[in-house]
1. Report the Cα centroid-to-centroid distance between the stretch 342-388 and the stretch 13-41 in angstrom, as an integer.
2. What distance in nm separates the two pseudo spin-label positions at Ala187 and Asp254, each 7 Å out from Cα along the beta-carbon direction?
3. Could you tell me which chymotrypsin sites (Phe, Trp or Tyr not before Pro) in the stretch 1-106 are loop residues by DSSP with no more than 10 other beta carbons within 10 angstrom of their beta carbon?
4. Give me the dipole magnitude in Debye, nearest 20, for the stretch 150-292 about the Cα centre, with unit charges on the beta carbon: positive for Lys and Arg, negative for Asp and Glu.
5. Could you run the Karplus curve 6.51 cos²θ - 1.76 cosθ + 1.60 with θ = phi - 60° over the stretch 360-366 and give me ³J(HN,Hα) per residue in whole Hz, x for Gly and Pro?
6. With only Lys, Arg, Asp and Glu charged, each at its Cβ (+1 for the first two, -1 for the last two), find how big the charge dipole of the stretch 301-364 is about the Cα centre; round to the nearest 20 debye.
7. Rounded, prolate or oblate: pick one for the stretch 60-283, where a ≥ b ≥ c are the square roots of the eigenvalues of its C-alpha gyration tensor, a/c under 1.5 means rounded, and failing that, prolate if a/b is larger than b/c, else oblate.
8. Could you tell me which of Gly136, Leu221, Pro162 has its Cα farthest along the dipole of the chain towards the positive end, charges placed at Cβ (Lys, Arg +1; Asp, Glu -1), taken about the Cα centre?
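Quick note: the coordinates plus some simple rules give every number you see, no bench work behind them. Quick caveat, the model's predicted, so the values are computed rather than measured. Ideal geometry is used to build each Cβ from the backbone, glycine not excepted, and the neighbour counts take in all protein chains shown.
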Amino acid sequence: MKLAQRVSQVAPSITLAIAAKAKAMKAEGIDVCSFSAGEPDFDSPAHVKAAAQKALDEGKTKYGPASGEPKLREAIARKLKTDNGLDYKAENVIVTNGGKHSLFNLILALIEPGDEVIIPAPYWLSYPEMVTLAGGVSVIVPTDVSTGYKITPEQLRKSITPKTKLFILNSPSNPTGMVYTPEEIQAIAQIIVETDILVVSDEIYEKILYDGVKQVSIGSLGPEIFERTIISNGFAKAYSMTGWRIGYLAGPIDLIKATITIQSHSVSNVCTFAQYGAIAALEGSQDCVEEMLQAFAKRREVMYERLNAIPGLSCPKPDGAFYLFPDISKTGLKSLDFSNRLLEKEQVAVIPGIAFAGDDNIRLSYATDMATIEKGMDRFEKFVKSLI
Ligand SMILES: *Cc1c(COP(=O)(O)O)cnc(C)c1O
């Protein structure tokens, strides 16, 4: 069968493949310690589940508006105001099937063949693939540990050409966990405004921050940057609702209308009763977020200490998300080889950095219980010591 050319240019998600392999090994009864998860290990909050159950019982089981349940759009607009200092109305918000779908809608509505999208590497692996599917050109800007894996304002300025349409900002970052400082966000905002491009701020990890670090939403820095900003966010990471598939996009009204049109012809609407769970997540107590954060904070300390105690490995301490991104180059292995051998020899699953354009690194997720972290790090240490 001759498939459309657009699919020949994209690859299936490596992260999902390795997680699947680890799961399959577990199912065979093999004792796998998995640090591959890109999702919190907690159950969704009880009051969120209860709200969705109530919506089901009340018959909220029909088609809804393509843009999302009006109550949820309003709740999101209020959240963006209170949490992020962003002045959006409900009509500036579209509810989507997760943060990934938000970004996909955005790219589809915005990017034409030849348009350039600037993506700092290491990056979340779906960004460039989405750009490719839309016929756009990803301009990958490599960063390294010397800048905390963050793009510098100078690098951003140099990467902008007359064809640049969009810059993708992800803070806290997946895979590095790094968070841009308010000064860095300010400097980036200034360049966006001066060069009149757009920025999408993927803020899916905004609630997962450590040691008092603050997240600044780029669009809150003034009216000129606000006009050029699109916010992508969702419920998956903050509320441990990955399987619910609810995210949202907020931005200029014309753009949001365009994404609603796309959505009306592709997915119609996000699962109606699930949206009532999302309303409860935003409007109910935020203690659940705090509890998960405290668990992540403890695990981060342990995994970070254990990693940096291994001779030859090094890793900066991330301020956000639930990942560590150590440099493994001293082992002499590239990331895919390292990850495969680690899984086979010691039954520890990690994600090879090559998935994020960082082939000298691997990504370890600490969204798992402490016992698995201790046991997995014992094995990990043994494996690395056998190499160095
Ligand atoms: C998890 C994630 C998302 C969105 O996930 P959904 O499950 O689609 O809501 C978006 N961006 C990054 C960087 C992520 O890690």
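1. Between the Cα centres of the stretch 342-388 and the stretch 13-41 lies a distance of 12 Å.
2. In this crude label model, Ala187 to Asp254 measures out at 3.2 nm.
3. Loop-located and lightly packed - Tyr63.
4. Numbers: 11 positive and 16 negative charges, 115 e Å.
So the magnitude is around 560 debye.
5. Running phi through 6.51 cos²θ - 1.76 cosθ + 1.60 with θ = phi - 60° gives 9, 10, 10, 10, 10, 9, 9 Hz.
6. On the way: 7 positive and 9 negative charges, 20 e Å.
Dipole of the stretch 301-364, to the nearest 20 debye: 100 debye.
7. prolate
8. Final value for the positive-end residue is Gly136.
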